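Everything below concerns the one structure shown next.
The values are calculated or read from the model by the stated rules, or taken from the named source; none is laboratory data. Since we're looking at a predicted model, the values are computed, not measured. Reconstructed Cβ throughout: ideal geometry from the backbone, glycine too, with neighbour counts over all protein chains shown. In case anyone asks, the SASA skips ligands and DNA or RNA and just uses the protein heavy atoms, side chains included. Shrake-Rupley method; radii C 1.70, N 1.55, O 1.52, S 1.80 Å.
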Amino acid sequence: MADALARGAADTARQQEGLGVPACLLVPDAIRSQVARLLRRAAPRLKVLAHSEIPETHTIRIGSIIGAPA
(Lines give C-alpha, C1' and ligand atoms only; values in the text may rest on other atoms or scores of the structure.)
Protein backbone atom coordinates (compact mmCIF):
# COMPACT_ATOMS: atom_id res chain seq x y z
CA MET A 1 0.00 0.00 0.00
CA ALA A 2 2.80 2.41 0.88
CA ASP A 3 4.55 1.74 -2.45
CA ALA A 4 1.34 2.35 -4.39
CA LEU A 5 0.80 5.63 -2.54
CA ALA A 6 4.38 6.74 -3.16
CA ARG A 7 4.20 5.89 -6.88
CA GLY A 8 0.83 7.57 -7.28
CA ALA A 9 1.99 10.69 -5.45
CA ALA A 10 5.20 10.91 -7.49
CA ASP A 11 3.33 10.48 -10.79
CA THR A 12 0.70 13.03 -9.85
CA ALA A 13 3.33 15.52 -8.65
CA ARG A 14 5.15 15.22 -12.00
CA GLN A 15 1.88 15.82 -13.88
CA GLN A 16 1.05 18.89 -11.80
CA GLU A 17 4.55 20.32 -12.25
CA GLY A 18 4.32 19.62 -15.99
CA LEU A 19 1.23 21.82 -16.06
CA GLY A 20 3.12 24.56 -14.25
CA VAL A 21 1.17 24.06 -11.02
CA PRO A 22 2.94 23.47 -7.70
CA ALA A 23 2.37 19.97 -6.38
CA CYS A 24 0.76 19.80 -2.96
CA LEU A 25 -0.89 16.92 -1.13
CA LEU A 26 -3.60 17.72 1.42
CA VAL A 27 -3.99 15.13 4.20
CA PRO A 28 -5.65 14.87 7.62
CA ASP A 29 -3.66 16.50 10.43
CA ALA A 30 -3.04 13.23 12.27
CA ILE A 31 -1.05 11.65 9.42
CA ARG A 32 0.74 14.65 7.90
CA SER A 33 4.22 13.95 9.27
CA GLN A 34 4.10 10.23 8.47
CA VAL A 35 2.91 10.82 4.89
CA ALA A 36 5.52 13.54 4.34
CA ARG A 37 8.25 11.20 5.55
CA LEU A 38 6.96 8.35 3.36
CA LEU A 39 6.92 10.51 0.22
CA ARG A 40 10.20 12.36 0.79
CA ARG A 41 12.20 10.03 -1.50
CA ALA A 42 9.54 9.30 -4.13
CA ALA A 43 8.44 12.93 -4.59
CA PRO A 44 10.96 15.26 -2.93
CA ARG A 45 9.37 18.48 -4.26
CA LEU A 46 5.83 17.50 -3.25
CA LYS A 47 4.56 19.63 -0.37
CA VAL A 48 2.42 17.75 2.13
CA LEU A 49 -0.01 19.97 4.05
CA ALA A 50 -2.50 19.19 6.80
CA HIS A 51 -6.05 20.49 6.66
CA SER A 52 -5.35 22.82 9.61
CA GLU A 53 -2.54 24.50 7.66
CA ILE A 54 -4.99 25.99 5.16
CA PRO A 55 -6.36 29.26 6.54
CA GLU A 56 -10.14 29.58 6.47
CA THR A 57 -9.73 32.73 4.40
CA HIS A 58 -8.22 30.67 1.55
CA THR A 59 -9.80 28.29 -0.90
CA ILE A 60 -8.18 25.31 -2.54
CA ARG A 61 -8.58 23.86 -6.01
CA ILE A 62 -8.26 20.13 -6.39
CA GLY A 63 -6.23 19.25 -9.47
CA SER A 64 -5.91 15.50 -9.00
CA ILE A 65 -6.87 12.81 -6.56
CA ILE A 66 -4.26 10.10 -5.98
CA GLY A 67 -5.72 6.69 -6.72
CA ALA A 68 -8.77 8.01 -8.56
CA PRO A 69 -9.46 6.66 -12.03
CA ALA A 70 -8.03 8.91 -14.73
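Computed quantities for the displayed model
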{"quantity": "Under-5 Å amide H pairs with LEU25, H placed in peptide plane, nonlocal only", "calculated": "LYS47, VAL48, LEU49"}
{"quantity": "Rough spin-label spacing in nm, given labels placed 7 Å along Cα→Cβ, for SER33 and SER52", "calculated": "1.2 nm"}
{"quantity": "Accessible surface, the stretch 1-59, averaged per residue in Å² (probe 1.4 Å)", "calculated": "74 Å²"}
{"quantity": "For the stretch 40-53, 3J(HN,Hα) per residue [Karplus equation, 6.51 cos²θ - 1.76 cosθ + 1.60, θ = phi - 60°, Hz, x = Gly/Pro]", "calculated": "3, 7, 6, 9, x, 8, 6, 8, 9, 10, 8, 3, 5, 7"}
{"quantity": "Anisotropy class of the stretch 3-70 from Cα gyration tensor, a/c 1.5 cut", "calculated": "oblate"}
{"quantity": "Value of relative contact order over the chain, rounded to a whole percent, pairs C-alpha under 8 Å and six or more apart", "calculated": "38 percent"}
